[in-house]
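Notes follow the structure.
Here, each number is a calculation from the coordinates, and none is a lab measurement. Everything quoted here is computed from the prediction, not taken from an experiment. When we count neighbours, we look across all protein chains shown, and the Cβ atoms used for this are built from the backbone with ideal geometry, even at glycine.
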Amino acid sequence: MEQIIDNMDNTPETAFFYGDGVDRSYKGYIKQTFETLLLSNNLKQQHLADKLGINKAYMSRIINCLQDPPRLMKMKIAKALGVDSRVIWV
């Protein structure tokens, strides 16, 4: 079932719900990808933020799609997680 969701930033976003409670929106994809990569690298948000030289609040805003980081930061984050930035930001 496809729905249009009105986000906090008032931009419509298409999401797909299959009755299993899983968020298949773009933002949901990014959050899930971060969660998986942090787990597979045995990292917490704070450790990743420290590794990148940024504060935890900024890292949290990136993970929760409340802030879109500059391209260079996306590349640094991806490198720290051992993937290409296109894995996170399609």
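In the stretch 31-49, the residues that are touching a residue at least 60 places away in the same chain (Cβ under 8 Å) and within 17 Å of residue 68 (Cβ to Cβ) form no Cβ pair under 6 Å with any partner that is crowded, with 17+ Cβ neighbours inside 10 Å and not polar (S, T, N, Q), whether six or more places apart or across chains.
Residues in the stretch 40-90 that are in a loop (DSSP other than H, G, I, E, B) and small (Gly, Ala, Ser): 53, 82.
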